[in-house]
Amino acid sequence: MEIWDLHCHLSGLPGRTPDERLGKLIEYADRMGIARLCVYMGMEWAYDPSPEKLREDNDAVLRAIGRYPDRAFGFAYLNPKHTQASLDELNRCVRDGPMVGVKLWVAMRCNAPELDPLIARATELKAVIFQHTWLKITGNLPGESTPFDLVELAKRHPNATLICGHSGGDWERGLRAIRPHKNIFADLAGGDPTAGVTEMAVRELGANRVIYGSDVAGRSFASQLAKVYGANIPDSSRRLILGENLKRLLRPILGQKGIRV
Amino acid sequence: MPRRELIDVNVNLSRWPMRRVPCDDTRELAAKLRRQGVTQVWAGSFDGLLHKDVASVNARLTEECRKHGRGLLLPFGSINPMLPDWEEELRRCAEAHRMPGLRLHPNYHGYKLDDPALGRLFKFAAERGLIVQLAAIMEDERMMHPRLRVPPVDTRPLARLLKETPSLRLVLLNALGVLRGPVLSELLDAGETYVEISMLEGVAGIEKLLQHVPLERVLFGSHAPLFYCEAARLKLKESVLTQEQLSQIRAGNAARLLASAQSGA
Ligand SMILES: [Zn+2]
């Protein structure tokens, strides 16, 4: 069963440079049998990155994945508040570079119209779009999206491939919110390994809409893999969640770039 | 200690109040833990969080452990020192149920750690050689039920309390997500305090933990069945550990703690 990890970061790891850090991450990925890592955002994170900071973060990822092209993919970090700079980054990192996806975090809630040009362009380029979401009973950050915001975006962009980060955090509500919208996929990463999350995702979305990710280095590979290994689901579903779904979503853009997997 | 031993110090029987989880049936849970290679389980009860009739909670816990455990499950009784005559409950745990230890949930039971009742409870537990397990939190604060928001236990008064009860053996459960750095070190220095790995996160978490926590204070815990029990075992695989480190965390430390508590040493 080949494992691809949808959700990795370079922060919180030893190493002075992005490639040193990714090298370290790959050492642990090897221990856990993970073949490929999707990496996004830089060495230190910014909630509301400036155009310069976006370039710096994406440069870090480009440098890291450039060193390990057969182990890691990059997603371009964008900020909807900076439309032109984000479109420029999309062209630089995805159209002209090796990146295969987009990462949107907490700069602006994703139901905002400012996302439209970015989603449209990313979809033209066949990039998958990863949107962080959380439903926090303790209160979201001002620009932090909920799965409900993502649903609004998905309705406006039925051809986009959208991934609901953390399945909304409060996954019992998040999974329900995205359930009717077939172009939204569930990221299992980044929450506690609470038993039942994967079973519910498979039951409500179908195994082909559920994707393993870890959110390392803040989380462990161990706790997040356990969500898939520990779930009471058929092995055929496990195979989809651990790698085949992500492969299927990335195949068009990888094909365009001449990357065979 | 043979390497195949694995002692899980953080398990609960019965039902999580907010949802059914796989294996919230004792027989299924015991079977699953056995398949994971677990050889001994320190089991509390989810019922201990909210039930007021703690006497029946502890009686059921003892009975479930006996019926389904075949020597696997050791009961750790719930004590709520805010309930009338809790001292009798502690006596029953020790004498009637012959439990090796107790489990506390100060945040669910509504007291602070500087409450004088807790000082008395620690003293009684220490005198009777009962291990005390104190759960810092049960689930991510961000996704709690809106009508049941229970913040993590504020552990600041604990160091002083530990110094006042030097013979107490304390295991902090679910603590490594909320307790780190100097705050954690202070508690480890203040007495015979242990932590378990169920809520430890980060790549190679155990390797990093051992840089500032003494090996002999780290126990294996899964927080099953609320958490997938595979998570804790996979953490042992993710970190690069020596055979000695592995065997102490898997079972050596917990076995020594249990033996010393039971011998009153
Ligand atoms: Zn993340």
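The values are calculated or read from the model by the stated rules, or taken from the named source; none is laboratory data. Only a predicted model underlies this, so the values are computations on that prediction, with no experimental measurement involved. As a convention, Cβ positions derive from the backbone with ideal geometry for all residues, glycine included, and neighbour counts pool all protein chains shown. When the accessible area is computed, the model is the full protein with side chains, heavy atoms only, and any ligands, DNA or RNA have been set aside. Shrake-Rupley method; radii C 1.70, N 1.55, O 1.52, S 1.80 Å.
Look at A:ARG176 and say whether it is more than 14 Å from chain B (Cβ to nearest Cβ) and over 20 Å from B:CYS229 (Cα atoms).
no
Could you look through segment B:13-32, keep only residues that are assigned to a helix (DSSP H, G or I) and within 11 Å of chain A (Cβ to nearest Cβ), and pick out the one that is farthest from B:PHE227 (Cα to Cα)?
Among those that are assigned to a helix (DSSP H, G or I) and within 11 Å of chain A (Cβ to nearest Cβ), it is B:GLU28.
Can you tell me how many residues in segment A:166-201 are within 21 Å of A:PRO252 (Cβ to Cβ) and within 16 Å of the ligand (Cβ to nearest atom)?
Here is the first cut: in segment A:166-201, the ones within 21 Å of A:PRO252 (Cβ to Cβ) are A:181-187.
From the residues that got through so far, the ones that are within 16 Å of the ligand (Cβ to nearest atom) too are A:185-187.
The total comes to 3.
Mind checking whether some residue in segment A:146-160 is crowded, with 19+ Cβ neighbours inside 10 Å, more than 14 Å from every other protein chain (Cβ to nearest Cβ), within 14 Å of the ligand (Cβ to nearest atom) and at pLDDT 95 or above?
No - not one qualifying residue is present in segment A:146-160.
Checking the condition touching a strand residue (DSSP E or B) at 6+ places or on another chain (Cβ under 8 Å), of a type in the set (Lys, Arg) and modelled with pLDDT of 95 or more, which residue from B:ARG256, B:ARG250 passes?
Numbers: B:ARG256 fails: touching a strand residue (DSSP E or B) at 6+ places or on another chain (Cβ under 8 Å).
B:ARG250 is the lone residue from the list that is touching a strand residue (DSSP E or B) at 6+ places or on another chain (Cβ under 8 Å), of a type in the set (Lys, Arg) and modelled with pLDDT of 95 or more.
Of the residues B:ALA94, B:ALA125, which is free of Cβ contacts under 8 Å to residues at least 40 places away in the same chain and either farther than 30 Å from A:GLY168 by Cβ or surrounded by 22 or more Cβ atoms within 10 Å (Cβ to Cβ) (or both)?
It is B:ALA94.
Would you confirm whether or not segment B:229-244 contains a residue that is within 26 Å of B:LEU29 (Cβ to Cβ), surrounded by 24 or more Cβ atoms within 10 Å (Cβ to Cβ) and touching a Cys at 6+ places or on another chain (Cβ under 9 Å)?
yes
Looking at segment A:234-261, which of its residues are assigned to a helix (DSSP H, G or I), of a type in the set (Val, Ile, Thr) and surrounded by fewer than 23 Cβ atoms within 10 Å (Cβ to Cβ)?
Kept after step one, since they are assigned to a helix (DSSP H, G or I), are these residues of segment A:234-261: A:235-256.
Still in the running and of a type in the set (Val, Ile, Thr): A:241, A:253.
Within segment A:234-261, just A:ILE253 meets the criteria.
So how many residues does segment B:33-54 have that are in a helix (DSSP H, G or I) and open to solvent by 30 Å² or more (accessible area, probe 1.4 Å)?
Qualifying residue count, segment B:33-54: 3.
Pick out the one residue from A:LEU246, A:LEU254 that is within 16 Å of the ligand (Cβ to nearest atom) and away from chain B (no Cβ under 14 Å).
Exactly one residue qualifies, and that residue is A:LEU246.
So, B:ARG233, is that one outside any loop (DSSP other than H, G, I, E, B), over 16 Å from the mean Cα position of the chain (by Cα) and either charged (D, E, K, R) or within 23 Å of B:ASN12 (Cα to Cα) (or both) or not? Before you say what the answer is, go through the steps one by one.
Working: outside any loop (DSSP other than H, G, I, E, B): yes; over 16 Å from the mean Cα position of the chain (by Cα): yes; either charged (D, E, K, R) or within 23 Å of B:ASN12 (Cα to Cα) (or both): yes.
Yes; evaluated as a whole, the condition is true for this residue.
Could you list all residues from segment B:195-205 that are out of contact with any Phe, Trp or Tyr (no Cβ under 9 Å at 6 or more places or on another chain) and either buried (at least 24 other Cβ atoms within 10 Å of the Cβ) or assigned to a loop (DSSP other than H, G, I, E, B) (or both)?
Correct list: B:VAL195, B:LEU200, B:GLU201, B:GLY202.
I'd like the residue in segment A:141-181 that is of a type in the set (A, V, I, L, M) and part of a helix (DSSP H, G or I) and, out of all such residues, is nearest to A:TYR212 (Cα to Cα).
This residue is A:LEU175.
Going through B:LEU172, B:LEU187, B:LEU176 one at a time, which residue ends up being in contact with a strand residue (DSSP E or B) (Cβ under 7 Å, 6 or more places away or on another chain), without any contact (Cβ under 8 Å) to a residue 40 or more places away in the chain and within 14 Å of another protein chain (Cβ to nearest Cβ)?
Criteria check complete, one pass: B:LEU176.
Return the only residue of A:ALA226, A:ALA231 being in a loop (DSSP other than H, G, I, E, B), of a type outside the set (Asp, Glu) and more than 16 Å from the ligand (Cβ to nearest atom).
A:ALA231
I'd like to know if segment B:116-124 contains one or more residues that are over 16 Å from the mean Cα position of the chain (by Cα) and of a type in the set (Phe, Trp, Tyr).
yes
What do you reckon, is A:LEU153 more than 26 Å from B:PHE227 (Cα to Cα) and not basic (Lys, Arg)?
Considered against the rule, which asks whether it is more than 26 Å from B:PHE227 (Cα to Cα) and not basic (Lys, Arg), A:LEU153 comes out as yes.
Of all residues in segment A:19-47, which are within 16 Å of the ligand (Cβ to nearest atom), more than 13 Å from chain B (Cβ to nearest Cβ) and open to solvent by 10 Å² or more (accessible area, probe 1.4 Å)?
Result: A:MET43, A:GLU44, A:TRP45, A:ALA46, A:TYR47.
Within segment A:4-18, track down each residue that is away from chain B (no Cβ under 12 Å) and either in contact with a His (Cβ under 8 Å, 6 or more places away or on another chain) or surrounded by 22 or more Cβ atoms within 10 Å (Cβ to Cβ) (or both).
A:LEU6, A:HIS7, A:PRO18 - these are the residues of segment A:4-18 that are away from chain B (no Cβ under 12 Å) and either in contact with a His (Cβ under 8 Å, 6 or more places away or on another chain) or surrounded by 22 or more Cβ atoms within 10 Å (Cβ to Cβ) (or both).
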